[in-house]
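Step one of this worksheet: look at the structure below.
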Amino acid sequence: MVFRSGRTEALTAARKLVRGFAAAPDPRQHAHRVFSELAHAEGWRAEEQALITELGAWLQGRPSLGELKTRCEATLARLR
């Protein structure tokens, strides 16, 4: 059985990860962890799920390291 967190738990975990970006040894992997927290949660509305899917697709394009934290923060801000 796979445990799926709820929306609130996923947002809390993702925000914590974003705050720790500066200390992350691999920013790209760290951004993928933020995405994973959000993607594996239940309870998203369709518009929110679309934002999360968009973040995942954007990450697959291997954006520059300098853009990662900003994009993750922007996604989280829109998921409030």
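Computed from the coordinates by the stated procedures, all read-outs in this text should not be read as laboratory data. It should be emphasised that the depicted structure is a prediction, and the values quoted were computed from it without experimental measurement. No Cβ is skipped: glycine too gets one built from the backbone with ideal geometry, and neighbour counts run over all protein chains shown.
Things worth noting here:
- The set of residues from region 54-80 being in a loop (DSSP other than H, G, I, E, B), over 19 Å from residue 24 (Cβ atoms) and either in contact with an Asp or Glu (Cβ under 9 Å, 6 or more places away or on another chain) or charged (D, E, K, R) (or both) comprises 79, 80.
- For region 55-73, residues that are exposed (fewer than 13 other Cβ atoms within 10 Å of the Cβ) and either touching a residue at least 12 places away in the same chain (Cβ under 8 Å) or under 10 Å from the mean Cα position of the chain (by Cα) (or both) total 2.
- Among the residues of region 41-53, those that are more than 17 Å from residue 29 (Cα to Cα), within 13 Å of the chain's Cα centre (by Cα) and in a helix (DSSP H, G or I) comprise 48, 49, 50, 51.
- Test for residue 76: is it touching a His at 6+ places or on another chain (Cβ under 8 Å) and either under 24 Å from residue 8 (Cβ atoms) or charged (D, E, K, R) (or both): no
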